[in-house]
Every structure is written in C-alpha cells, then in structure tokens.
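The values are calculated or read from the model by the stated rules, or taken from the named source; none is laboratory data. Note that the structure is predicted; figures quoted are calculated from it, not measured. A quick note on method: Cβ atoms are made from the backbone with ideal geometry, for glycine too, and the neighbour counts reach across all protein chains shown. All accessible areas refer to the heavy atoms of the entire protein, side chains included, with ligands and DNA or RNA removed. Shrake-Rupley method; radii C 1.70, N 1.55, O 1.52, S 1.80 Å.
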Amino acid sequence: MLARVWSASLIGIDAIKVGIEVDIAGGLPSITIVGLPDTAVQESRERVKAALKNSGFAFPVRKIIINLTPGDLRKEGPYFDSPISVGILASSEQIETDLLGDYLFLGEVSLDGSLRPVAGVLPIAAAAKRLGIAGLVVPADNAQEAAVVKDLAVYGFNQLSEVADFLDRPSNHQKVQFKPSQLPNISPLPNLDLKEVKGQNHARRALEIAAAGGHNLIFVGPPGSGKTMLAKRLPGILPPLSFSEALEVSQIHSVAGLLKNRGSLIQDRPFRSPHHSASGPSLVGGGSYPRPGEISLSHQGVLFLDELTEFKRNVLEFLRQPLEDGYVSISRTRQSVTFPAQFTLIASTNPCPCGYFGDPIQQCTCSPRQREQYWAKLSGPLMDRIDLQVAVNRLKPEEMTGQRTGEDSETVRKRVKIARDRAQYRFKEDHSVSCNAQMQSSHLRSFCQLDESSRNLLEGAIRKLGLSARAMDRILKVSRTIADLAEDDSLKSVHVAEAIQYRTIDRMK
C-alpha cells in the first residue's frame with residue numbers, strides 16, 4: 001500500500017513543503033530512502049525501525065521504499081523521523097489515514113519511541129499557515145513555538161504512540177494554545193540602566209539619536225572612558241518589538257536552534273557581541289547548508305563590535321552589504337539563501353594602538369605611521385556607513401566621584417518611542433521603511449528638504465571634511481532624527497549642525 005505524509009524542509013528561514021511517500025511491496029526485507037537525503041536522513045532508517053518496535057508496533061519485514069519529494073531539494077536533519085514513522089504505519093495499515101493530508105509532521109524519534117524537538121519549527125509553522133495547511137503535529141517541546149502562529153492547529157506529543165492515537169482518535173486530543181503570559185521574561189542585558197553612566201552627555205545624546213533613528217554608531221576614546229558601558233545600554237532605550245518583528249526575530253533564532261532557553265517567542269531586541277577573533281562566516285552565516293550568522297541573529301536588534309580595529313579588515317568588509325541593504329545573501333554550490341539583517345551596529349575602539357592619542361592626561365606613544373596603519377583597518381566605505389562617529393573623552397575627577405546621574409533608560413526610551421512613531425507615521429505608505437536610517441534617495445528628497453542656511457552649512461562641511469555622497473546622505477538622515485526628537489516637522493540649520501558634529505572623526509589618524 002502506498003501512503004503519503006507531509007513534512008517540511010528549511011532553506012534559510014523559508015520552509016518548503018516536503019512529501020514523504022512510503023510504499024511497502026514484496027521482496028527481500030530492506031529500507032531504501034531516495035530524494036537527496038543527507039546522512040542524518042539516511043540514519044533515520046535505524047532510528048525509526050527501533051522506535052516502532054519499542055512503541056508496540058509491528059515493523060513490516062518487507063521491501064520498503066521511501067521517496068522524499070521534490071526530488072531536486074536536498075533533505076537534511078532529523079525532521080523526517082516522525083513523518084517516516086507515520087508513513088510506514090499508514091502504509092502497513094496500522095493507523096487511520098484520513099488526516100494525513102491535512103497536517104505537517106515533524107520531529108526526531110528516539111529508539112524508545114519518544115519524540116525529540118528539532119530546530120526551525122516556527123518558520124515551518126508560518127509557512128504552513130501560508131500554504132493553507134490545517135495544522136502541525138510536533139514534539140511536545142516544540143508545541144508552544146509552533147502555536148505562536150495564529151489560526152494554526154498545533155498538537156504536541158511526547159511519544160510516537162500518541163501520534164498514532166491522535167490519527168485514530170483525533171477528538172481525544174486538545175490543540176496546544178499559545179500563552180503569552182507564560183513566556184519567560186529573559187533580557188539579553190538585564191538591569192543595565194543609562195542612569196548608571198556618569199557624565200558623557202555628548203555620548204548619551206548620540207546613543208539616544210541612534211536608538212530613535214536606527215543609526216549605526218561608533219565610540220572612539222581611551223581605555224576606561226565608558227565606551228562599552230554606553231554601548232550595552234542601547235537595548236534598554238530601544239522601543240519594544242512589535243508582534244510581527246518578534247515573530248521574524250524568533251524565526252531566525254529558531255532556525256539557529258537558539259529558542260530552547262528563551263521560550264517560544266523572543267520579546268526583547270537581540271544584542272549580539274562577537275569576539276574580535278570572529279571569522280567572516282561566523283558574522284554573515286555560512287556552512288554547506290547555510291545557517292544564520294551574528295548579523296542575522298542581531299536582526300531588529302543590536303550588533304556590538306567591541307575593539308573594532310582588532311577585527312580583521314576582510315571580516316569587517318563583510319558588513320558593508322548588510323549595512324546598506326538590510327539583508328545578507330549566501331551562495332553555495334548546492335543552494336543560495338537570504339537572511340534578513342536589519343540591525344543597528346554599535347562599535348567601539350581606541351584612537352590609536354596605545355589608546356591615548358588626544359588624551360589630556362596620558363601621553364600617546366604611537367608614531368603617526370602606527371596611527372595610520374591602525375586606522376587603515378577601517379575602510380572609507382565602511383566608515384561612510386556608520387552614521388554617528390563620536391569621541392568619548394576620559395571623565396573628569398569630579399565627574400567620577402560625584403553622585404549626580406543622568407536620565408534613566410525609561411525616560412529616554414519614551415522620547416525614542418515618540419520619535420520612532422513620528423517616523424513610522426511619515427512612512428505609513430511605504431512598509432519597506434520603519435526608521436530614518438532605512439531611508440532611500442526618494443525619501444531624502446521628500447522628507448529632508450533644506451532651507452538656504454542649512455544647505456550652505458552642509459556644503460561647507462562637505463568641502464572641509466571631504467565627505468562622500470553617502471556620508472552626506474547619512475548626515476541628512478541623522479538630521480531628520482534630531483528633528484523628530486525635537487518634534488519638528490522641517491529640518492533646521494540647528495539639526496544639520498548637530499548631525500555634522502558626528503562626522504568629525506571620519507578618518508581619524
């Protein structure tokens with residue numbers, strides 16, 4: 001008898017519907033899997049055989065052919081253990097087959113017949129909803145993750161025997177309900193408040209602008225000036241994720257297998273901080289079957305690169321395309337995938353190898369040649385893509401010993417939220433743009449018109465600083481954000497002047 005069961009496979013964060021056809025015929029006992037299975041899928045033969053026997057089912061001692069369709073799509077991972085098991089039971093007439101066409105089946109099986117969770121269930125659930133699938137049958141540990149998708153019937157089971165019982169008696173089982181109130185409140189950087197930062201008003205202001213407009217930011221200053229302390233407080237002043245953003249972020253983390261300890265839906269903006277020894281593929285993603293890297297895991301959040309000049313130059317150049325386009329494309333011989341990568345880059349670095357160039361207290365010991373080589377790691381095109389370039393100076397003794405603190409994160413976050421809401425209202429007709437940093441040339445012409453005094457000011461800055469056209473666009477975007485924070489509809493010379501301040505270390509040596 002021929003039986004067909006539906007499952008799914010992932011390409012990037014997109015899911016493809018996969019059919020599992022099982023045919024049991026006469027001949028010498030054997031199990032053959034065709035349809036471009038990888039090693040993990042081939043090994044499912046032994047897992048499924050033991051799992052069915054240990055679950056109390058009879059394993060057919062006949063010739064079994066399992067075909068995975070479409071035949072030109074590479075199938076990888078343990079996703080197909082459960083549907084292959086169900087297909088064998090259906091083909092051998094040990095279970096009812098009426099519901100097989102309505103559900104997708106996912107899950108790895110253990111030798112004792114228990115179901116183990118798999119990565120990437122959330123994007124598969126989202127794809128199932130788009131394809132009109134009635135529901136999913138998944139391991140119990142994946143059930144809440146899949147149930148995040150609304151209007152999709154999700155059933156979670158611990159044992160293969162429970163899946164068989166569901167197919168025989170579906171009315172005896174309850175759908176899994178998504179419960180937002182039970183989500184764990186896990187923040188990537190808990191209890192980090194901006195009020196703990198003493199002084200550094202200029203840097204705090206830049207941090208607020210970066211949060212309000214989604215602008216990339218670099219802090220340059222001597223060791224101990226508070227660059228890392230400031231950077232780690234950026235997530236605390238960003239507006240909360242919307243449900244659609246949270247769903248998109250959670251799908252990426254689901255594919256990477258990082259949802260296990262963070263619940264079924266990520267509620268906080270990601271904060272990723274890779275070490276400066278990180279390779280290019282670890283940043284952008286990669287592998288024979290590409291997986292998301294640090295920049296995609298930072299999607300809708302923050303990517304923090306501490307000691308930026310310690311990263312290899314060729315690694316930093318990987319950032320140029322995603323910083324400009326908001327996504328990263330990875331091409332391999334077998335497939336090409338695209339991962340979203342709309343993140344805010346925040347970086348920190350010393351002004352020279354010794355760290356004290358321009359410091360009023362400790363003298364710099366670096367030669368001009370050493371400083372030139374130090375900054376040569378940061379290419380002009382990369383620096384052009386960093387909107388805010390801020391010098392962070394050493395705190396004065398009275399600032400370090402004083403008790404005075406600045407505004408707390410919640411107060412700043414409210415202003416940031418108001419500025420972001422103004423931007424989103426302005427872009428309500430264009431859903432591809434959600435913040436000022438994402439504006440294109442057409443948006444700049446419409447929303448960043450300059451009066452004569454502002455234009456003269458900007459032209460003078462371009463001549464004096466030798467700014468590129470891209471850097472000029474960055475100034476206009478930052479000016480628009482400064483105006484939003486001031487709740488001004490039009491750009492004024494004071495907004496442009498402040499934005500120009502944040503380009504003064506463009507090619508620091």
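The table that follows gives values for the structure above.
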item	result
Condition met for Ile295 (closer than 26 Å to Lys232 by Cβ, at pLDDT below 90 and either open to solvent by less than 10 Å² (accessible area, probe 1.4 Å) or in a strand (DSSP E or B) (or both))	no
Where a residue in the range 462-476 is farther than 19 Å from Gln449 by Cα and in a helix (DSSP H, G or I) and its partner, wherever it lies, is of a type outside the set (A, V, I, L, M, F, W, C) and open to solvent by 50 Å² or more (accessible area, probe 1.4 Å), with Cβ under 9 Å and at least six apart	Leu465/Thr504; Leu465/Arg507
Which listed residue, of Leu241, Leu207, Leu230, is in a loop (DSSP other than H, G, I, E, B) and within 24 Å of the chain's Cα centre (by Cα)	Leu241
Number of positions in the range 151-161 that are without any contact (Cβ under 8 Å) to a residue 24 or more places away in the chain and open to solvent by 40 Å² or more (accessible area, probe 1.4 Å)	1
Hits in the range 39-59 - residues which are open to solvent by 20 Å² or more (accessible area, probe 1.4 Å), free of Cβ contacts under 8 Å to residues at least 40 places away in the same chain and either touching a Phe, Trp or Tyr at 6+ places or on another chain (Cβ under 8 Å) or not β-branched (Val, Ile, Thr) (or both)	Ala40, Gln42, Glu43, Arg45, Glu46, Lys49, Lys53, Ala58, Phe59
Checking Thr481 against (1) in contact with a helix residue (DSSP H, G or I) (Cβ under 9 Å, 6 or more places away or on another chain); (2) surrounded by fewer than 18 Cβ atoms within 10 Å (Cβ to Cβ); (3) polar (S, T, N, Q), the condition it does not meet	(2)
Qualifying residue in the range 413-427 (condition: farther than 23 Å from Leu241 by Cα, modelled with pLDDT under 95 and open to solvent by 40 Å² or more (accessible area, probe 1.4 Å))	no
The range 395-412 - residue that is of a type in the set (Ser, Thr, Tyr) and at pLDDT 90 or above and, of those, most open to solvent (accessible area, probe 1.4 Å)	Thr411
Sole exception among (1) without any contact (Cβ under 8 Å) to a residue 24 or more places away in the chain; (2) within 29 Å of Arg205 (Cα to Cα) for Phe271, by number	(1)
Residue list for the range 1-38, restricted to those being under 29 Å from His253 (Cβ atoms), open to solvent by 60 Å² or more (accessible area, probe 1.4 Å) and part of a loop (DSSP other than H, G, I, E, B)	Leu36
